[in-house]
Amino acid sequence: MAKHARVRAPELIGKGGWLNTGGTSYTLADLRGRIVILDFWTFCCVNCLHVLDELRELEEKHRDTVVVIGVHSPKFVHEAEHQAVVDAVERYEVHHPVLDDPELATWKQYAVRAWPTLVVIDPEGYVVAQHAGEGHAHAIERLVSELEEQHAAKGTLRRGEGPYVAPEPVPTDLRFPGKAVRLPGGTFLVSDSTRHALVELAADGETVVRRIGSGERGLADGGPDEARFSEPQGLALLPDGTVVVADTVNHALRAVDLETGRVTTIAGTGRQWWQGSATSGPARETDLSSPWDVAWFADRLWIAMAGVHQLWTWTPPADGGGVEGAGGGGTVEAVAGTTNEGLVDGPAAEAWFAQPSGLAAAGDRLWIADSETSALRWIERAEADERSEPDEQPEPAGPGAAGGEFVVRTAVGTGLFDFGHRDGPAGQALLQHPLGVTALPDGSVAVSDTYNHALRRYDPATGEVTTLATDLREPSDAVLDGDAIVVVESARHRLTRLRLPEEAVRVEPVAHRTQRAATEVAPGRLRLDVVFRPPAGQKLDERYGPATRLVVSATPPELLAEGSGTDTGLGRDLVLAEGFTEGVLHVSAMAASCDDDPAQEFPACHVHQQDWGVPVTVAEGGADRLPLVLAGLDAP
């Protein structure tokens, strides 16, 4: 590996101040002698949430030498609100200091280009590694061990308690509830996400009837007091009366017997799905990735697989034994989405999603809240001329045979970077990171417009979007109850009952584009280089073919005259088409590495992957090279 000049870590700056420190502010000088890991994250990003979970074990193992600092770097306008960051830190149980950086000051100082990005700073204050994306915990663990040994020998390592100070717990019946379902008896079952449990509330939406789950994070089946969940979200009532839970951080589906409260795992292994894993098979033997919602549609259970930007399905066993009778049987299959992140309609096998997070079945349509594109979309059975053939399925992980039966369409939303609160014709309307969708009796759809703190309505008959209610606090779901709609106000820790109004609320239109600065590039030829250096002690895993893959596209697609598509190299020459002054380059990179030790019969192997959406402006004098760091160091 080539030697790099030692780079002093830039100072930590954030207008929003520090969280989880008991009110104390810190500089890098205060942390000298400790190994510092900066986690650039934003709470809308499911990949960032994956990294939070990857870091938990490392934080605990090296708590006397390592300080993890989350640098919250917002994408959406709502994420720049300080209280929203405070809520997110509690919601996702972030147990390290967090610097609230609403103006992306530290992000820019470190030349970060993607969420999430991890930067490692040694005890003397120098940057020693940078990793974009998830799946790097093993590499950082090894680097931390090496840094501990080196700096202990030099006398520059300082051990002791870190700066984390836990906030005081708040007593409420619910804590950041996620989703809800109305049960046949008129009660409501709610996923109490931060407390890792389910809560049944009486018909008034307030009185606690019972809790299901011990409240401890984990994956364990059993009765209501023994079962464990990890940040559960979506709930669906099956035709046989069973409730299925999207157990998000466990990467699993759980079934609840409402009579006994017993919990059974019906899909997932507890491991997160990675590229190269199976996309169909026996449900209990197939990995899932952050399932966020579930809904019964077209004689199967659909799964909003937020972690890989796809829709999957769970099909009950053919013997008709139901969930309990099957003992966790059935099969799962990827049906829609390529795993690329974005907004592309068409045959299900070719569609792109971006963290689908809410589902609602209505007649022949399954409505989808596609959160990162701030979009309302739907899937339905395709006409004969719209069906994709198996040989058209895209790389790397196209949906299975069922994907050819369906087509994806968009009602509201334009892509990853435009959002706001604007009513009117669907083609002009804007949402901001919606997490829930609810079918209404008249054929229209209510959208839990989470980051706008609003409940919106889309009417397919007129193509109009209106606002039903405002001043809700991060609504994440809603369920019908007679002539009322009950909204899950996640950040107010409650259910809120609203009457369905005859006329919509009028609001002043607001449109936003993400504040992330565009990269200025020169017209014509642009060299794209994804920097990847295998972690120490590892090499590229080329035993079964190429160890790397690079996928490139653009919005609008015409921005790229040459260079789009999939190939194995991590470098590529792009040609920007004449006449375009701005756009977004979509880059997806993957690299596989294994232990470089011939003596190991079964070396440990790891997949490193990241998607970038890079806004660019085209201007004379702009850069002719675009470096993106997957793992390693490179000058920006």
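The values are calculated or read from the model by the stated rules, or taken from the named source; none is laboratory data. Being a predicted model, the structure only gives us computed values, none of them experimental. In this analysis, Cβ positions are derived from the backbone assuming ideal geometry, glycine residues included, and neighbour counts consider all displayed protein chains.
Yes/no matrix, rows are residues, columns are (1) of a type in the set (D, E); (2) closer than 20 Å to S476 by Cβ; (3) not assigned by TED's automatic domain parsing to the domain that holds A369:
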residue: L201; (1), (2), (3): no, yes, yes
residue: E206; (1), (2), (3): yes, yes, yes
residue: G223; (1), (2), (3): no, no, yes
residue: R228; (1), (2), (3): no, no, yes
residue: L237; (1), (2), (3): no, yes, yes
residue: T248; (1), (2), (3): no, yes, yes
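Of the residues G320, G342, which is at pLDDT below 95 and more than 28 Å from L430 (Cβ to Cβ)? None of the others qualify; the one that does is G320. Take the conditions at pLDDT below 95, aliphatic (A, V, I, L, M) and either in the same structural domain as E149 (by TED's automatic domain parsing) or buried (at least 24 other Cβ atoms within 10 Å of the Cβ) (or both) and apply them to A80. Does it pass? Considered against the rule, which asks whether it is at pLDDT below 95, aliphatic (A, V, I, L, M) and either in the same structural domain as E149 (by TED's automatic domain parsing) or buried (at least 24 other Cβ atoms within 10 Å of the Cβ) (or both), A80 comes out as no. Residue count for segment 497-540 under the criterion of being without any contact (Cβ under 8 Å) to a residue 24 or more places away in the chain and either surrounded by 15 or more Cβ atoms within 10 Å (Cβ to Cβ) or farther than 30 Å from R473 by Cα (or both): the result is 0.
Considering only residues that are modelled with pLDDT under 90 and among the hydrophobic types (A, V, I, L, M, F, W, C), which ones fall in segment 615-636? Of everything in segment 615-636, those that are modelled with pLDDT under 90 and among the hydrophobic types (A, V, I, L, M, F, W, C) turn out to be A631, L633, A635.
Can you name every residue in segment 500-530 that is in a strand (DSSP E or B), out of contact with any Pro (no Cβ under 6 Å at 6 or more places or on another chain) and either at pLDDT 80 or above or farther than 30 Å from V575 by Cα (or both)?
Correct list: V505, V510, A511, H512, T519, E520, V521, R525, L526, R527, L528, V530.
Where strands (runs of 3 or more DSSP E) fall wholly inside segment 62-136, the ranges with 3 or more residues that are touching a Leu at 6+ places or on another chain (Cβ under 6 Å) and within 27 Å of M590 (Cβ to Cβ) are 126-132.
Would you check if there is a residue in segment 549-559 being surrounded by 14 or more Cβ atoms within 10 Å (Cβ to Cβ) and in a loop (DSSP other than H, G, I, E, B)? No - not one qualifying residue is present in segment 549-559. Within segment 218-269, the residues that satisfy the criterion of being in contact with a helix residue (DSSP H, G or I) (Cβ under 9 Å, 6 or more places away or on another chain) and acidic (D, E) are E231, D240, D257.
On the basis of being more than 27 Å from W367 (Cβ to Cβ), surrounded by fewer than 24 Cβ atoms within 10 Å (Cβ to Cβ) and either touching a strand residue (DSSP E or B) at 6+ places or on another chain (Cβ under 6 Å) or not aromatic (F, W, Y) (or both), does T286 make the cut? Talk me through it step by step, then tell me what you get.
Working: more than 27 Å from W367 (Cβ to Cβ): no; surrounded by fewer than 24 Cβ atoms within 10 Å (Cβ to Cβ): yes; either touching a strand residue (DSSP E or B) at 6+ places or on another chain (Cβ under 6 Å) or not aromatic (F, W, Y) (or both): yes.
Taking the combined requirement at face value, the residue does not satisfy it.
Yes/no matrix, rows are residues, columns are (1) in contact (Cβ under 8 Å) with a residue 24 or more places away in the chain; (2) over 26 Å from the mean Cα position of the chain (by Cα); (3) surrounded by 22 or more Cβ atoms within 10 Å (Cβ to Cβ):
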{"residue": "A411", "(1), (2), (3)": "yes, no, no"}
{"residue": "F419", "(1), (2), (3)": "yes, no, yes"}
{"residue": "G424", "(1), (2), (3)": "yes, yes, no"}
{"residue": "H433", "(1), (2), (3)": "yes, no, yes"}
{"residue": "D449", "(1), (2), (3)": "yes, no, yes"}
{"residue": "Y458", "(1), (2), (3)": "yes, no, yes"}
{"residue": "A469", "(1), (2), (3)": "yes, yes, yes"}
{"residue": "P475", "(1), (2), (3)": "yes, no, yes"}
{"residue": "L495", "(1), (2), (3)": "yes, no, yes"}
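Looking across H62, H96, one residue alone is surrounded by 23 or more Cβ atoms within 10 Å (Cβ to Cβ), under 23 Å from G135 (Cβ atoms) and not aliphatic (A, V, I, L, M). It is H96.
Can you name every residue in segment 83-93 that is crowded, with 19+ Cβ neighbours inside 10 Å and closer than 10 Å to N20 by Cα? Matches in segment 83-93: V89 only.
Which ones in segment 333-375 are among the acidic types (D, E) and without any contact (Cβ under 8 Å) to a residue 24 or more places away in the chain? Spell out the reasoning first.
Initial filter on segment 333-375 (among the acidic types (D, E)): 333, 341, 345, 350, 364, 370, 372.
Across segment 333-375, the qualifying residue is only D364.
The criterion of at least 1 residues that are among the hydrophobic types (A, V, I, L, M, F, W, C) and within 24 Å of A369 (Cβ to Cβ) is met by the following strands (runs of 3 or more DSSP E) wholly inside segment 254-319: 263-267, 291-297, 300-305, 310-315. Scanning segment 336-358 for residues that are among the hydrophobic types (A, V, I, L, M, F, W, C) and farther than 14 Å from W378 by Cβ, we see that the one that is nearest to the chain's Cα centre (by Cα) is A354.
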